[in-house]
Amino acid sequence: MGSTRPLSEKRTPLSEAEVEEVWRRWRSGQAIKVLAREMRRHPSTVRDLLKRCGGVRPAARHRNQLRLSLAEHEEISRGLAAGDSLRGIARGLGRSPSTISREVAGNGGRNAYRALAADRAAWARAVRPKPTALSRDPRLARIVAEKLAQRWSPQQIAGWLRRNPQSSMGYVSHETI
């Protein structure tokens with residue numbers, strides 16, 4: 001049977017509702033091809049979601065209580081718009097002035113700070129697991145692998161990377177290695 005969507009059409013990511021539906025159907029025992037067809041999605045889209053999680057639904061994400069909330073981001077934005085000092089904003093939120101200063105500096109500065117954009121960026125940065133230093137830098141990974149093959153210890157490799165004049169390649173700790 002023919003597909004309802006042309007092959008050249010770009011695939012769109014699953015919406016939150018579609019992700020919920022995939023997990024509900026997967027839990028009920030429905031096959032990937034069947035549930036993808038019924039949801040009018042490409043099977044690889046569904047398979048990629050399940051593969052990313054090992055077929056087990058991850059726990060719902062939640063914000064750490066120590067992190068700034070959306071309401072706090074909005075208070076910062078309002079304070080900046082009103083011309084309040086960073087210390088004054090921090091006092092009003094019961095936060096450290098350095099926290100507010102880093103937040104504003106890291107999200108566009110006084111003139112460009114936007115609460116929603118800052119909140120979305122913080123949420124995106126909090127995704128776990130993060131890619132490892134060695135997976136992000138294949139050249140560094142190759143050098144570490146070569147040193148390990150020569151029977152160097154992780155401590156020796158880390159120390160060598162730190163002192164190496166060509167260390168523009170980066171540095172990783174012995175724990176990472």
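General observations
- 222 nm mean residue ellipticity, helices alone, for the chain (DSSP H n ≥ 4; -39,500 (n - 2.57); rounded to 500): -16000 deg cm²/dmol
- For segment 138-154, the Karplus equation 6.51 cos²θ - 1.76 cosθ + 1.60, evaluated at θ = phi - 60°, returns couplings of x, 5, 5, 4, 5, 5, 4, 4, 4, 5, 5, 5, 7, 6, 6, 7, x Hz by residue, with Gly and Pro reported as x.
- With contacts taken as Cα pairs under 8 Å at a separation of at least 6 residues, the chain carries a relative contact order of 11 percent.
- Using distinct alpha-carbon pairs, which all enter the 1/r mean, Kirkwood radius of segment 70-125 in Å: 10.9 Å
- Comparing Ser96, Ser85, Ser153 in a Gaussian network model of the chain where C-alpha atoms under 10 Å apart are linked, the largest mean-square fluctuation is found at Ser153.
- Förster radius 41 Å - calculated FRET efficiency between Glu175 and Arg27 (Cβ-Cβ, nearest 0.05): 0.65
- Normalised by 2.2 N^0.38 Å, with N the number of residues, the alpha-carbon radius of gyration of the chain equals 1.50.
- For the options Gly109, Gly29, Gly88, a Gaussian network treatment of the chain with springs between C-alpha atoms closer than 10 Å singles out Gly29 as fluctuating the most.
Here, each number is a calculation from the coordinates, and none is a lab measurement. Source: prediction; values computed, not measured. Because the Cβ atoms are built from the backbone with ideal geometry, glycine has one as well, and the counts that use them run over all protein chains shown.
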